[in-house]
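Colleague: Structure below; questions to follow.
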2 protein chains.
Amino acid sequence: MDECKVIIMGFGAVGQGVADALFMKKELIKEKTGFEVKVVAAADSSSSAISAEGLDEKLLVDTKKNEGKLSAYPEFGSDKNGAEILDAVEYDCLIEATPTNIVDAEPALSLTFKAFEQGKDVVTSNKGHLALKFKDVVSAAEKAGVEFKYEASVGGSMPIINFVKDTLSSCDIKSINGILNGTTNYILSRMTSEGSDYEDILKESQELGIAETDPTQDVEGIDAACKTVILANSLLGIDATYSDVKVEGISKITSEAIELANKDDYLIKLISEVSPDNLQVSPRLVKKGSSYDVSGTLNMATVKTDLADEVSVIGLGAGSLETASAMLTDLISILKNKN
Amino acid sequence: MDECKVIIMGFGAVGQGVADALFMKKELIKEKTGFEVKVVAAADSSSSAISAEGLDEKLLVDTKKNEGKLSAYPEFGSDKNGAEILDAVEYDCLIEATPTNIVDAEPALSLTFKAFEQGKDVVTSNKGHLALKFKDVVSAAEKAGVEFKYEASVGGSMPIINFVKDTLSSCDIKSINGILNGTTNYILSRMTSEGSDYEDILKESQELGIAETDPTQDVEGIDAACKTVILANSLLGIDATYSDVKVEGISKITSEAIELANKDDYLIKLISEVSPDNLQVSPRLVKKGSSYDVSGTLNMATVKTDLADEVSVIGLGAGSLETASAMLTDLISILKNKN
């Protein structure tokens with residue numbers, strides 16, 4: 001039995017989801033790829049647990065939940081963090097789930113380059129380095145001859161990157177339009193169904209944990225713009241960066257505007273548009289009953305192709321296990337290619 | 001440059017679509033796989049064109065359209081047909097697009113087994129052999145050590161088989177529910193939007209070429225039942241055959257029933273249900289605005305998974321180039337695996 005040693009870097013909701021999902025899916029991964037996956041290190045923002053013999057995924061999650069720090073992991077807790085962990089233990093694949101940083105993409109950028117230099121494959125859920133420096137990161141992986149996969153960076157459990165690359169591989173992609181941020185879709189959906197004001201629904205969403213305490217990244221369209229530029233680069237071959245996207249968020253949408261649209265059978269949605277002529281995130285009117293009419297935290301994307309006309313996907317845009325499932329699919333794909 | 005020699009068997013709408021799509025996509029296939037695809041034979045129901053040096057895809061389509069028979073192809077026309085073509089010329093992959101036969105699955109069944117025995121890969125759009133003898137056909141391919149791919153058999157250009165196998169590979173699949181027949185969806189959509197009777201819309205659909213002269217396969221749910229059992233076998237690992245599916249078509253749906261549903265915000269759709277407990281095709285009430293609310297000839301499917309919750313796809317259920325695009329995607333996937 002071949003072994004695949006992974007490091008989980010970042011141990012928030014997504015990193016913990018990866019640990020949980022790996023625990024559930026060891027047998028399935030073995031069956032599909034012939035590889036036994038072993039977690040040899042996991043790191044939160046200030047500490048870690050490291051063992052060449054492999055760590056217990058459940059105990060990692062319990063330690064983080066109960067003690068707040070991975071350094072509290074029995075016997076193998078460590079104060080090492082960040083890049084030094086990549087030198088501390090032998091590994092095959094870096095599962096990179098640190099928070100997105102849209103200013104300088106750190107620590108994801110340095111960690112990813114370091115893993116490439118070490119000849120290791122990388123699976124990421126991070127948007128920062130992809131939105132700011134897509135070409136640099138992808139070329140570095142190519143030069144290093146390693147695999148770099150990032151399905152989880154867009155759409156949570158809604159497959160879009162592998163979906164287009166693998167299942168629409170015969171088609172040229174003309175454009176992609178979609179709803180790529182679950183939080184704003186939830187807020188707009190509830191404003192529509194309840195006729196409430198933006199501020200009220202935002203507050204409730206924060207209480208429910210759907211919107212963050214600082215909701216700027218979501219409500220101002222920054223998160224959706226990152227995803228927009230990732231799709232532009234990866235699926236349409238457009239050499240663009242975050243600043244090339246025209247961005248307008250939803251914080252100025254009033255309940256009156258939504259009601260007015262509603263009267264004529266329209267909804268207001270935060271739409272991402274990806275085409276060679278236009279990279280844009282903005283509130284748009286969409287017809288009720290159209291493929292854009294998805295509510296709650298759902299994401300959707302409609303891919304316009306030459307041969308297959310329009311194909312759409314819909315799925316949950318967030319969630320810890322959901323996002324982890326996308327990262328596991330990437331890992332399975334990497335391992336299959338090793339056979 | 002490696003070469004991949006293909007035979008296109010069956011030269012109706014789908015076979016011609018494959019020839020057209022191959023003509024358009026030679027460069028793309030070369031780029032993605034490193035293989036140059038050459039059509040060494042194409043066959044309609046009674047004749048063929050055969051040349052080891054390769055045939056001109058455009059001329060194949062023009063010959064069929066203008067002369068009605070591939071034997072009229074300049075210089076390389078032939079009276080050979082069916083299985084004897086597989087002996088007449090060296091090839092690497094059989095692109096099998098003969099009409100679906102739900103009685104004995106011929107000629108697809110014999111052609112496919114013969115190709116396997118010759119050690120050749122097969123891409124099919126056919127439903128007959130898969131619906132009647134899924135396990136036999138798939139095991140024969142495995143034993144022969146060849147690739148057998150059949151995305152185009154379900155959903156036209158809506159990816160569902162590769163979609164689940166490739167982009168949801170980390171998930172266990174609990175169930176799949178969907179609209180898998182475009183003709184009936186078109187008829188029901190128009191009955192709903194116009195309040196017209198079944199017979200009137202069926203007649204118009206026949207005039208438009210959306211329904212066949214003998215519409216039985218579509219309107220009685222037979223086509224959808226074939227697709228249901230293919231999904232059951234290929235994606236849920238259920239060892240079932242066509243006769244295991246409970247089938248009810250749409251020919252008894254009245255405009256009154258549709259209106260009654262409409263008043264309570266429901267639509268009537270022909271729904272395929274695939275789960276370990278239930279293989280069924282039947283008219284069902286679905287909520288307006290739900291993911292089942294797709295109109296015209298669209299197909300859709302909602303896949304219920306353990307990790308990624310529910311993921312849906314929507315795409316055109318038919319069309320010549322659209323179905324061909326699914327076959328080309330399968331061919332590209334086969335060729336990529338040869339590298």
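The values are calculated or read from the model by the stated rules, or taken from the named source; none is laboratory data. Note that the structure is predicted; figures quoted are calculated from it, not measured. Methodologically, a virtual Cβ is constructed for each residue, glycine included, from the backbone with ideal geometry; neighbour enumeration extends over all protein chains shown.
Colleague: Checking the condition assigned to a strand (DSSP E or B) and away from every other protein chain (no Cβ under 13 Å), which residue from B:ASN233, B:ASN177 passes?
Modeller: Testing whether each residue is assigned to a strand (DSSP E or B) and away from every other protein chain (no Cβ under 13 Å) leaves just B:ASN177.
Colleague: Within region B:213-230, can you find the residues that are of a type outside the set (Asp, Glu) and out of contact with any Lys or Arg (no Cβ under 8 Å at 6 or more places or on another chain)?
Modeller: Correct list: B:THR213, B:PRO215, B:THR216, B:GLN217, B:VAL219, B:GLY221, B:ILE222, B:ALA224, B:ALA225, B:THR228, B:VAL229.
Colleague: Out of contact with any strand residue (DSSP E or B) (no Cβ under 6 Å at 6 or more places or on another chain), closer than 23 Å to B:PRO159 by Cα, buried (at least 19 other Cβ atoms within 10 Å of the Cβ) and aromatic (Phe, Trp, Tyr): does that describe B:TYR242?
Modeller: In short, yes.
Colleague: Taking the residues in region A:282-311 that are among the hydroxyl-bearing types (Ser, Thr, Tyr) and in contact with a Phe, Trp or Tyr (Cβ under 9 Å, 6 or more places away or on another chain) as candidates, determine which candidate is surrounded by the fewest Cβ atoms within 10 Å (Cβ to Cβ).
Modeller: A:SER295
Colleague: How many residues are surrounded by fewer than 19 Cβ atoms within 10 Å (Cβ to Cβ), within 18 Å of B:ILE334 (Cα to Cα) and within 17 Å of the chain's Cα centre (by Cα) if we restrict to region B:102-146?
Modeller: Counting residues in region B:102-146 that are surrounded by fewer than 19 Cβ atoms within 10 Å (Cβ to Cβ), within 18 Å of B:ILE334 (Cα to Cα) and within 17 Å of the chain's Cα centre (by Cα) gives 1.
Colleague: Now, a different point. Looking at region B:80-102, is at least one residue without any contact (Cβ under 8 Å) to a residue 40 or more places away in the chain and in contact with a strand residue (DSSP E or B) (Cβ under 6 Å, 6 or more places away or on another chain)?
Modeller: yes
Colleague: Now for a separate question. Taking only region A:142-166 into account, find how many residues are more than 9 Å from chain B (Cβ to nearest Cβ), of a type in the set (Gly, Ala, Ser) and in contact (Cβ under 8 Å) with a residue 60 or more places away in the chain.
Modeller: Of the residues in that region, 3 qualify.
Colleague: Turning to a different aspect of this structure: Can you pull out the residues in region B:14-55 that are within 14 Å of chain A (Cβ to nearest Cβ) and under 18 Å from the mean Cα position of the chain (by Cα)?
Modeller: Hits for region B:14-55 are B:VAL14, B:GLN16, B:GLY17, B:VAL18, B:ALA19, B:ASP20, B:ALA21, B:LEU22.
Colleague: Given the conditions (1) under 21 Å from B:ALA318 (Cα atoms); (2) surrounded by fewer than 17 Cβ atoms within 10 Å (Cβ to Cβ), report the number of the one that B:ILE268 does not fulfil.
Modeller: Result: B:ILE268 fails condition (2) only.
Colleague: Here is a further query. Could you check region B:273-322 for strands (runs of 3 or more DSSP E) lying wholly inside it with 1 or more residues that are facing chain A (nearest Cβ under 7 Å) and closer than 30 Å to B:GLU57 by Cα?
Modeller: B:310-316
Colleague: Does A:ASN126 meet the test of being closer than 28 Å to B:THR167 by Cβ, at pLDDT 95 or above and more than 14 Å from chain B (Cβ to nearest Cβ)?
Modeller: yes
Colleague: Quickly run through region A:253-286 and pick out the residues that are farther than 27 Å from A:GLU151 by Cβ and out of contact with any strand residue (DSSP E or B) (no Cβ under 6 Å at 6 or more places or on another chain).
Modeller: Answer for region A:253-286, where residues must be farther than 27 Å from A:GLU151 by Cβ and out of contact with any strand residue (DSSP E or B) (no Cβ under 6 Å at 6 or more places or on another chain): A:THR254, A:SER255, A:GLU256, A:ALA257, A:GLU259, A:LEU260, A:ASN262, A:LYS263, A:ASP264, A:ASP265.
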